[in-house]
Amino acid sequence: MFNSLFVWVLNQSKWIISFVLLLTLFAGFFVYHNISINTSNTDLLSKELLFRKNEKIFKEEFPQFSNNIMVVIDAKKSDVAKDIASKMYSEIKKQEGKLFTDIFYPNELDFFKKNGLLYLSEEELEKWLDQIVNYQPFISRLAESPSLYGLLSTIDLFLLVDLNDQHIDRLNKLLGKIFDINSTAVAWGDFFSDNEKPNNREIIYLQPKLDFTNFFPSEKALFFLKQKIKNIDNEHWDNFNIRLTGTAPMEHDELSTLGKDAKIGITISLILVLLFIGFALRNLTLIFVSFLTLIIGLIWTTAFALLFFQELNLISIAFAILFIGLGIDFSIHYCLRFLEFFKKKSEHSKRLLINSTNSIVKALFLTAFATAIGFFSFAFTSFQGVAQLGIIAGTGMFVSFFLTVFFLPCLLIARKNNSPSCFASYKEGTDINYFQFMLFFKKNSKIFFTLAIFFLIFSLFNLKNIEFNDDPLKLRNPDSISVTTMNELIENKDVDYHSVDILVSDFSKSNELKNKLLVLDEIEEVNLFKDLIPEKQNEKLEILDQFKTFYPKINMQESQKLSSKSFEEQKTTVLNMVESIKSKIDKQYQSKINTNFIDQLKDNFESGEITNLEELKKLEGKYFYFFKKNIKKLNDSFEANKITENNIPNSLKSRYIGKNGKIRVEVVPSYNLDNQKNKKRFVDQVFTISPNVSGGAFTTFEAGNAVVTSFKKAMIISICSTTLFLFVVLRNFKKIFIIFTNLFTSLLFSLSFLILFGLNLNFANIIALPLLFGLGAATSIQTVLRIEKFETLEKYFKTSTPRAIIFSLLTTLATFCILSFSSHLGTSSMGQLLIISILSSTSMGRRISNRFIGFFFDSSIAAIDCLKA
C-alpha cells in the first residue's frame, strides 16, 4: 500500500511541491499574525487543581493584586525618595482609568498624612515627639524667615544661649547636614528620626490595563512609566534610583528575553545544523532539500501549535529548537540511505528513490513514534506547560517524518539535472572509521564497565540529594532589572513573597482564624482589616494634644527682609552674619563647634561662585526646598482623629474587603521558606486550619507537587509505552532487557550529574527524563532494524546507518547546547539536562548494558547484539 502511494506521489511531484509550498506560505502568514506567548507561570498547570481554583476566587474578589507593577524609588535621603514618589504618583494619577485600573501609594493618602502617628506604639510616638522637641525651637524660628539670612540669624541667635555638650552635639549634627557640600538639598525630614538609613525606599503599587491584542500586554503602561522615569528630574534630587518590578514587568522582560532568545537560538541552531548536514551529506542538492524540508516542517509545526493552543507558554516555546535538532535527523538518515543506494547503482531514477525509501520508511516511522512517546507522555498530566510542549514536539516528529518521506523525494525527482554526476562527489565514510571507533570501546570494555559501575553506585547513594525547585522566580532571567529588584525587595522584607491569603465570609471568622493561626510557630503575623484601626487611640490622641499645648502649630512665613535689597547689599548682610557667628563660636566654644560651614559660605561668595540674585536664590533652594514640605507634613500629622471602620478610605478597605464581600486574611510565615521542609510545614499547617488559601508559598508548593505528580505519571506512561513499543517491534525479551538496562542506568546517571553540576529539577527541565526513554528507544530501533540484515560488524559499518546515527546525535546535542545557553533559567536547565541525559545514554549507560550481552547471546553474535542494545 505504501509503495503504491509513494509511486503516485513521485508521479505528482510538481503538484505536491506546489501544494506544500503554498500551504507553507499560508502557514507562515498565519504564524506571523497570530504568534502569542503566555508568560504566566501559574497557567502552566491545569485550572482544575485546587490552588488554581482558590486563586481564581481570590482574583475575583481582589483583582487589584493581579498583574501588578511596583515602582520602586530608592534614595539616600528620605525626603528625596518621598518627593520623587509624590511626583510620580501625581503623573500616574492622571492616567487612572486609561493605562491603570488601580493606583495605590499609602503616603499620598490624606488618611495617613493626618493619622499616621496613631499607628506608632505609645513608646515610639513619645520617642518621635522627643526628636521634634529637640529641633522644634530651631525650626519654628527658621519658619519665620526661610532664607539664607534667616538660617544664619537663627544659628547666631542660638549661639547666645549657654549650650551644654548635648546641645553642642545636636547643633553639630544639624550644621553638618545643612551645610553638607555633597548634598543638592537639605533633607529636613531626617532630623526627625534617629534611624540613619543607608537607603530610603518608597513603593507605588499599580495595576496596568492589559492589552491582549498586543504581543506585550502591559507595554503601554510600562512605556509610559519608563518615559516618566527617564524625563523626571529635579536639581534638588541626588543619589536616587527608580526601578520597575512586579508580575507585569517581570513577565514583560521574560517575554522580551524569550522572544530574543528564541530568534537567536533558532538562527544559531539552523546554522549549526546546516554545518553538520554539510559535513554529513557533502552534496549541495541534498543539503538544500534537507534544509528546506526542515524549515517547512518548523513552520507547519508552529502553525499547528497556534491552531491547537492559540498561544505558546514559557516552556513550549522551546519546541522550535527541539524540532530543529530532532527533525533534521529524518533527513540525514534518508539522504544518507539514498546515497548508499546510489553508490550501489549509479543512476538517479524513480526506482532508486522507491528502493531507498522502502528500505528506511519503517525505521523512520518507528523513530518518529518512539520519540513522540517521550514527548506525549506529559500530555495526560495536569502539567499543561510541558504537556503543550510534548504535544507540539511529538506532532512535529510526525510532521518531519511525513515531509521527509513524501516531500523530500519529490524535490529530488523534480530536479532538472538528474544525472549521476550530481551525487558522485560523495565518498561515504571518509571522515570517520566507525569500525575502529567502536573497536576501541570493545577492547577497553572492562575499564569502561568498571568506571560505569563505580559511578552507578555513586548515583544510587546520591538520589536522596535530588531536590525539586518549585520557585518560579528562580527560573526568570536573574540579570533583568525587574527580577533583581524583586529579589532585593524580598531580601529586605519589603515584600512578603511567601505570605498567603485566606478568604472568610465575615469579620468574626477572620478574628477566630487569626487566633488559631497565631498559636503556631510557623506563623509570624496575621494581618486583618481590623488591624487598620490602631490600638490605644485615646491614649495616643491625648499625648498629641498635650504636645500641641506646649508646641503649637508651626506657621510658615515668606521672608521679606532682604527681598527688596540688591545682591551686593544682601551679600554684605550675609557675610556680616557669618562673621558674627564665627566670632561667637571662637569666643565661647573654641573647637567644639565645627566651623567648616562658615569657610564654605565665605568661599561661595568671595570665589565668585555666587555673583547675582539668581545664584543666591539657587543656594537658598538647596537649604529650603524640602523645608516647607516637611513643615506642612509635620503640621498635618498633628491633625489626627480617631480611626473607625467608617472613616477608613475605600482604597484601603478594598485591600481587605472583596468585591463580593469576602474578607481577606494575610498570613506571614516566620521561617525561611526557601527551605522546602519549612515551606511544607507552613503550608500543611495553614491548609489544615483553612483550605481557602491561595498565593505565595501555597501556590508554589502545590504547583511543585502537581509537577512532581505529573512527572511520576509521565515516567510511568513513558516506560510502559516504550516497553509495549519495543515488544511489538523487537519481540525479544532479552534485547528489550538490555535496552532498558541502558535506559534506567542512564536515568540514574543523569540525576547524579544533575547534583554534581549543582542543578535542581524544576518546572522546565523535568521533561528531559521521560523523553530519555523515547529518544533512547528511537536510537536503538535505527540500529536494530539495520544491523540484523548483516552477518558481520564490518559490513554493517560500511552502510550509511552508523554515519547517520553519529551526525543525528551531533545535531541533537548542538541544538540542546543552544537551549542550555538561554538567559531564561528554565529553558537553560532543560537544555542542560537533555544534554546530560543523551550523553549518559550513549556513554555510561551503554557500557553497563553491553556486559549483559554475554549472559544472553553466544559469542558469534555478541558483537552485533551489543550494538542492537
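General remarks:
- Extending 7 Å from Cα along the Cβ direction at E525 and again at T549 yields two label points whose distance is 3.3 nm.
- Positive-end ranking of S837, G150, L743 along the dipole of the chain, with charges on Cβ about the Cα centre, is headed by L743.
- Net charge over other residues, Cβ less than 15 angstrom from the Cβ of N647 (K, R count +1; D, E count -1): +2
- Helix 859-868 and the longest principal axis of the C-alpha atoms of the chain enclose an angle of approximately 40°.
- In sequence order, calculated HN-Hα J values of region 585-594 (Karplus, 6.51, -1.76, 1.60; Hz; x Gly/Pro): 5, 4, 7, 9, 10, 6, 8, 6, 9, 5
- With 22 Å as the limit, the listed pairs K127/K582; K530/K662; K114/K617 have K127/K582; K114/K617 beyond it between alpha carbons.
- For region 456-526, radius of gyration divided by Kirkwood radius, i.e. Rg to Rh on alpha-carbons: 1.18
- Counting neighbouring beta carbons within 10 Å and listing from fewest to most, the residues C817, C720, C335 come out as C720, C817, C335.
- Contact order relative to length of region 236-386, as percent, for alpha carbon pairs under 8 angstrom and 6 or more apart: 24
- Protection proxy ranking of 71-77, 84-90, 774-780 - average other beta-carbon atoms within 10 Å, highest first: 774-780, 71-77, 84-90
- Sorting 143-152, 708-717 by average packing, meaning the other beta carbons within 10 Å per residue, from highest down gives 143-152, 708-717.
- Computed from the alpha carbon atoms alone, the convex hull of region 512-643 holds 248 Å³ per residue.
- Per-peptide average of other Cβ atoms within 10 Å, ordering 392-402, 101-111 highest first: 392-402, 101-111
- For region 139-274, pairs of C-alpha atoms spaced more than 20 angstrom apart make up 68 percent of the total.
- The phi torsions of region 571-581, fed into the Karplus equation with coefficients 6.51, -1.76 and 1.60 and a -60° offset, translate into couplings of 4, 4, 4, 5, 5, 5, 5, 4, 5, 4, 5 Hz, rounded to whole numbers, with Gly and Pro shown as x.
- Across region 603-653 the C-alpha pair distances fall into 10 Å bins from zero in the proportions 19, 25, 21, 15, 11, 9, 0 percent.
- Stokes-Einstein diffusion of region 79-139 at 37 °C, 0.692 mPa s viscosity, Kirkwood radius from Cα pairs, rounded to a whole number: 233 µm²/s.
- Across K56/K220; K87/K629; K76/K622; K571/K618, pairs whose alpha-carbon gap is larger than 19 Å: K56/K220
- Per residue, the convex hull spanned by the Cα atoms of region 309-411 amounts to 91 cubic angstrom.
- D (Stokes-Einstein, µm²/s), Kirkwood Cα radius, region 1-80, 0.890 mPa s at 25 °C: 128
- Sorted into 5 angstrom bins from 0, the C-alpha pair distances of region 637-717 split as 3, 11, 16, 15, 12, 12, 11, 8, 5, 3, 2, 1, 1, 0 percent.
- Stokes-Einstein D in µm²/s, Kirkwood radius over Cα pairs - region 27-156 at 37 °C with 0.692 mPa s viscosity: 159
- Kirkwood radius and radius of gyration were both taken over the C-alpha atoms of the chain, and their ratio Rg/Rh is 1.13.
- With contacts taken as Cα pairs under 8 Å at a separation of at least 6 residues, the chain carries a relative contact order of 23 percent.
- Net charge, E254 excluded, C-beta distance under 14 Å - Lys, Arg +1, Asp, Glu -1: -3
- From phi via Karplus (6.51, -1.76, 1.60), per-residue ³J(HN,Hα) for region 618-632 in Hz, x at Gly/Pro: 5, 5, 5, x, 4, 7, 10, 4, 8, 5, 5, 4, 6, 5, 5
- Long-range Cα-Cα pairs in region 712-781 (distance over 16 Å), rounded percent: 49
- In this entry, region 651-802 is assigned a mean projected area of 15.6 nm², taken as a quarter of its C-alpha convex hull surface.
- Rounded tilt (10° steps) of 445-462 against the dominant C-alpha axis of the chain: 40
- Distance histogram for region 82-211 (every C-alpha pair counted, 10 angstrom bins, percent rounded to whole numbers): 10, 29, 30, 20, 8, 3, 0
Values in this text are rule-based calculations from the coordinates and carry no lab data. Computed from a prediction, not measured in an experiment: that's the story for all the values here. Ideal geometry is used to build each Cβ from the backbone, glycine not excepted, and the neighbour counts take in all protein chains shown.
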